[in-house]
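Have a look at the structure below before the remarks.
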Amino acid sequence: MEKTIRELAQLIGGKVIGDDSVVITETRGFEQAAPQSITFAIGEYVEHIHLCKAGAIILEAEVTNAPMPQIIVDNAKAAFAQVLQLFHPPVIVPREVHPTAIIGENVTLGNNVAIGAYCVINDNAVIGDNVTIRPYVYIGHNTRIGNDCDIYAGAIVHENCVLGNRVVLRAKAVIGGEGFGFATENGVHTHIPQVGNVILEDDVEIGSCTTIDNATMGSTLVRKGTKIDNLVHLGHNVEIGENCFLIAQVGIAGSTKCGNNVIFAGQTGCTGHITIGDNAKFAGKTGITGNVPADAVMAGYPMRPHKEWLKLSAYEHRLPEMVKTVKQLQKEIDALKAQLKES
Amino acid sequence: MEKTIRELAQLIGGKVIGDDSVVITETRGFEQAAPQSITFAIGEYVEHIHLCKAGAIILEAEVTNAPMPQIIVDNAKAAFAQVLQLFHPPVIVPREVHPTAIIGENVTLGNNVAIGAYCVINDNAVIGDNVTIRPYVYIGHNTRIGNDCDIYAGAIVHENCVLGNRVVLRAKAVIGGEGFGFATENGVHTHIPQVGNVILEDDVEIGSCTTIDNATMGSTLVRKGTKIDNLVHLGHNVEIGENCFLIAQVGIAGSTKCGNNVIFAGQTGCTGHITIGDNAKFAGKTGITGNVPADAVMAGYPMRPHKEWLKLSAYEHRLPEMVKTVKQLQKEIDALKAQLKES
Amino acid sequence: MEKTIRELAQLIGGKVIGDDSVVITETRGFEQAAPQSITFAIGEYVEHIHLCKAGAIILEAEVTNAPMPQIIVDNAKAAFAQVLQLFHPPVIVPREVHPTAIIGENVTLGNNVAIGAYCVINDNAVIGDNVTIRPYVYIGHNTRIGNDCDIYAGAIVHENCVLGNRVVLRAKAVIGGEGFGFATENGVHTHIPQVGNVILEDDVEIGSCTTIDNATMGSTLVRKGTKIDNLVHLGHNVEIGENCFLIAQVGIAGSTKCGNNVIFAGQTGCTGHITIGDNAKFAGKTGITGNVPADAVMAGYPMRPHKEWLKLSAYEHRLPEMVKTVKQLQKEIDALKAQLKES
């Protein structure tokens, strides 16, 4: 797409300072901008405008001697969002069932549903209104999907699961796989059928290649508003509260129950059968080894309060010096003893 | 499904205490049960029956003043399993090759095989008897699948691999990808073809989004009965023994060899080219940095015996106090020295 | 395939010592070789030839009393590579667009392209010359794929992404998913559209089930020659330099910028918004918590220079002994004090 600065200024209702005939072909962030880019600056960024290589910049006040034409608006971020939408129109998904989609018996499809190429929607599934299902999505028998959900290519929802409204599943998320449950006798492991399901409440988002296992019985549960990043694993019977964040590569073992507004930073691992209170926070790579009270901020492995972990990490540095000092003290004491014996 | 307590009692041969006309529509675990649920209680759970919200409960002996109707049987767990099967009949997969499945040349299909929609089975593949292959499964050229295997949606088995009998691959498992092998010259990395394969012996189970790479030559090998959870990675030429457990997000680097009955808890990582003895156990997040003898129980990173790791973790707490104490001792010694000099 | 040693010797231009009529049916590495295998030995391996069980061995000089027939050549490794290709001919992918592939409007296909079964190539995508796209690959709207790329089954490249020449995507790699970006108000998280893309430069390889998220704006960028293993995660706006290695299960948080020739060993995690210099190296499981200068070699969590980490890990052992010693010193000092008081 090619737009002149003049055309862009008209779109966002701004005033041009400089040559309004310059042609812009893309949007970029401030630091990555090039002569064909438009970007924006607010706050501290404005001071560094002479380092910016954009062909045009959206500002909230004129900058003297800026190296490129400016468009002055009231709200630069909102104006830039409008330009972003112009250059990056969201992909329009046709509101139809693609002829290659395989729809089972007794499936209920809501209004304004889009089902992409090569989807398989199994018997008795229920798909709500305005749901977008992209190619290669597999919906298991009896699974219910609420309204306004968006399911990306290759996601799998196994049978008997329940998704609320506005749930997003990113590409290749796997919901409702059989949990890792075995009975071991004489060293031989026999799989125990995991007949439960997974429930994802309203406004839950699940990242790419994230796997959430079925409960053994009952439900593995993610409460409303919780956002889960890529490559995360939730074991059977896990319960995650409302509005939590689980960052990439977090793993939560079976039957752990977690409150609301909890944040698990990346690669944190959590043992099974424990309870985590509301508003708890875990630094990256934390190894959660036991129950955690509400509002705790934890780090390390074994897990400690974050401040203590930082303190201990700092003190570790001093270990070699300490060993030396203690040896030295021993010598001094021995010298004192000898001296006393003599005296 | 709707069943009265009377109907359920008949199914499991139990005796009803209370109103047998109550309608039950689902099974749930003891703690999650609601008025429309049936559940069961044994052991300690029986003491907490007054907290249970189930509409009906299966017990092995009558409880006075229970808040819901009871069904009394000899074995409550087995009876509940019968009820589970009634409410959660396993999905019946038709024993047919779906018309959209693409079957290559010279493919051998066993008896009673089910091949789902949009599968691609490549030339010279061999599929054993009673194998269930769900939608979107890709079987590479020359790959051999034993009898009674169950392969979930979207799993991929690359060419030349060998699966034994009763092998289970969960959704989106990737077996036989090219290993991560490169020759580096002047900082530039050139891929070395990994012409080996993967062998999964009888009764192996592989979790969702788990990746097992081909050997450079020979075979990456998982021996019989070993169960691998979701999001695990096995590098090229890894060998895992019999009846091991690899919990979610474990990673094993290339050419490591592991004995039988080994347990790797979640997020454990293992360096390449080492040997791990039979019955070794690794706590979650262990960093395995060298050979491990049989029967060892290890934890931490760098790895230590689990008991030592616990002890050191406890001692770490005392570091700041120690630093203080040592400073104090230094002062006392200096005071003693001064005193001696004076005297 | 069955070949006599004589036939194999002819293929590689070698001289047979021993019975040239022995039939060989497979290639194996030195340690895994069996009577039906051919293998090779160079360097130290030659000294252990009496332990090798191969039916034939390729060598660069005759070994007296070897337990199997030998084929003597100038370059044993190169000769064995020829034999490998004979026994493991690469799968031939037909240079055609499979009739089940769905090609959108205004898609550009280069010369000699192969597009597999059940692929979905969306509107305005550009596919370069000699590109191989295997089954179930999804290419988003406007995405551009360079020449000679190889994309394995089930990989997904979302819209607006750019792949250079000779890029390899392994099975189920997900390129260009929406980044994990949210605005949080009163504890409720709202997704911020991530309108950027992913750029993978020439000769980049991406492993199975690896996920690389779109930039919020601009591009998440992997520069030429970098090789990424399985189950790795790159957050939005990450930039990875040239010829880096990211081993399995590494995670890099958003907006981190990394130089050239950097090596991240397995399960390393990296915080967001930091800078890593050229040639830095990270041991497995490192927790990268801040900026890293060029040429640094780091380990542990919190990260330290690798040598210091090794030293501190060794000193940790001595903590319990230290605590004991310090107590003992306290006693001795107390004794000295008492003695001085008396004197």
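The values are calculated or read from the model by the stated rules, or taken from the named source; none is laboratory data. Small disclaimer: the values here were computed from a predicted structure and weren't measured. Quick reminder, even Gly has a Cβ in these numbers, built from the backbone with ideal geometry, and neighbours come from all protein chains shown. Side chains included, ligands, DNA and RNA excluded: accessible areas come from the protein's heavy atoms. Shrake-Rupley method; radii C 1.70, N 1.55, O 1.52, S 1.80 Å.
Work out the FRET efficiency for B:D129 and B:I192 from their Cβ-Cβ distance, taking R0 = 25 Å, and round it to the nearest 0.05. For R0 = 25 Å, the calculated efficiency reads 0.10.
Look at the stretch B:76-87: the mean tally of other chain Cβ atoms within 10 Å of its residues' Cβ atoms is 1. Computed extension length for C:Q85-C:K331: 81.1 nm, one decimal, from 0.36 nm per residue of separation with the Cα-Cα distance subtracted.
How much area per residue is accessible in the range B:155-302 when the probe is 1.4 Å and only protein heavy atoms are counted (Å²)? Walk me through the numbers before you get to the answer.
Values: 4070 Å² over 148 residues.
Accessible area per residue, the range B:155-302: 27 Å².
Near A:A114, within a Cβ-to-Cβ distance under 14 Å, what is the net charge of the other residues, with Lys and Arg +1 and Asp and Glu -1?
That works out to -2.
Across the accessible surface of chain A, with the other protein chains kept in place and a 1.4 Å probe, carbon and sulfur atoms take up 50 percent.
A:E96 label point (Cα plus 7 Å toward Cβ) to equivalent points in the other copies: 2.7, 2.7 nm, shortest first. The translational diffusion coefficient of chain A, from Stokes-Einstein at 25 °C and 0.890 mPa s with a Kirkwood hydrodynamic radius over alpha carbon pairs, comes to 100 µm²/s.
Counting Lys and Arg as +1 and Asp and Glu as -1, what is the net charge of the other residues whose Cβ lies under 13 Å from the Cβ of A:V262?
Combined, the nearby Lys, Arg, Asp and Glu give 0.
Am I reading the C/B interface right? What is its buried accessible area, both sides, 1.4 Å probe, to the nearest 100 Å²? Each step should come with its number before you reach the end.
Values: alone 18670 and 18720 Å², together 32460 Å².
Separately minus together, C and B give about 4900 Å² buried.
Decide, for the range C:155-302, between rounded, prolate and oblate: order the square roots of the alpha carbon gyration tensor eigenvalues as a ≥ b ≥ c, take rounded if a/c falls under 1.5, and otherwise choose prolate if a/b is larger than b/c, else oblate.
Numbers: a/c = 1.70, a/b = 1.13, b/c = 1.51.
Oblate is the answer for the range C:155-302, as a/c is 1.5 or above yet b/c matches or exceeds a/b.
Within 10 Å of the Cβ of each residue in B:326-336, the mean number of Cβ atoms contributed by other protein chains is 6. Expressed in Å, the radius of gyration and Dmax of the Cα atoms of the range C:123-187 are 14.0, 52.
Using packing as a proxy for protection, rank B:124-130, B:314-320, B:159-165 so that the peptide with the highest average count of other Cβ atoms within 10 Å comes first.
Numbers: B:124-130: 19.7, B:314-320: 16.4, B:159-165: 21.7.
Going by the mean number of other Cβ atoms within 10 Å, highest first, we get B:159-165, B:124-130, B:314-320.
The Rg/Rh ratio for the range B:3-87 is 0.90, where Rg is the radius of gyration of the alpha carbons and Rh is the Kirkwood radius.
The range C:156-203 and the range C:52-105 have Cα centres lying 38 Å from one another. The listed peptides B:203-214, B:324-335, C:181-192, ordered by packing as a protection proxy, come out as B:203-214, B:324-335, C:181-192 (highest mean of other Cβ atoms within 10 Å first). Based on protein heavy atoms only, the range A:3-87 ends up with 51 Å² per residue of surface accessible to a 1.4 Å probe.
Sorting check: for C:269-279, C:242-252, A:279-289, C:18-28, which peptide has the highest mean count of neighbouring beta carbons within 10 Å, and how do the rest follow? It would help to have the intermediate numbers written out before the result.
Numbers: C:269-279: 19.2, C:242-252: 26.2, A:279-289: 23.5, C:18-28: 17.1.
Packing proxy ranking, top to bottom: C:242-252, A:279-289, C:269-279, C:18-28.
Comparing the full protein assembly with the isolated chain, the residues of the range C:116-130 losing at least 10 square angstrom of accessible surface (1.4 Å probe) are C:A117, C:Y118, C:V120.
So, counting K/R as plus one and D/E as minus one, what does the shell of residues with Cβ under 9 Å around C:P69 add up to? The answer is -2.
The mean sequence separation of alpha-carbon pairs under 8 Å and at least six residues apart, normalised by the residue count of chain A, gives a relative contact order of 6 percent.
Taking a point 7 angstrom from the Cα of B:T64 along the C-beta vector, which residues in the range B:37-57 have backbone N less than 11 Å away? Inside the label zone: nothing. Once the Cβ-Cβ distance of C:H50 and C:R6 is raised to the sixth power relative to R0 = 35 Å, the FRET efficiency obtained is 0.90.
A Cβ-based charge dipole, computed about the Cα centre of chain B with Lys and Arg at +1 and Asp and Glu at -1, lands at about 1080 debye.
Adding -39500 (n - 2.57) for every DSSP H run of four residues or longer, then dividing by how many residues the protein assembly as shown holds, sets the calculated 222 nm ellipticity at -5000 deg cm²/dmol.
Would you please classify the overall shape of the protein assembly as shown from the alpha carbon gyration tensor, given that a ≥ b ≥ c denote the square roots of the eigenvalues, rounded means a/c under 1.5, and beyond that prolate means a/b larger than b/c while oblate covers the rest? Mind dumping the intermediate values first?
Working: a/c = 1.16, a/b = 1.15, b/c = 1.01.
In terms of gyration-tensor shape, rounded.
With a 10 Å cut-off around each Cβ of A:297-303, the average count of Cβ atoms from other chains is 4. Listed cross-link partners A:K331/C:K327; B:K172/C:K172; A:K285/A:K307; C:K257/C:K281; A:K311/B:K281 are compared with a 19 Å cut-off, the Cα-Cα value being larger for A:K311/B:K281.
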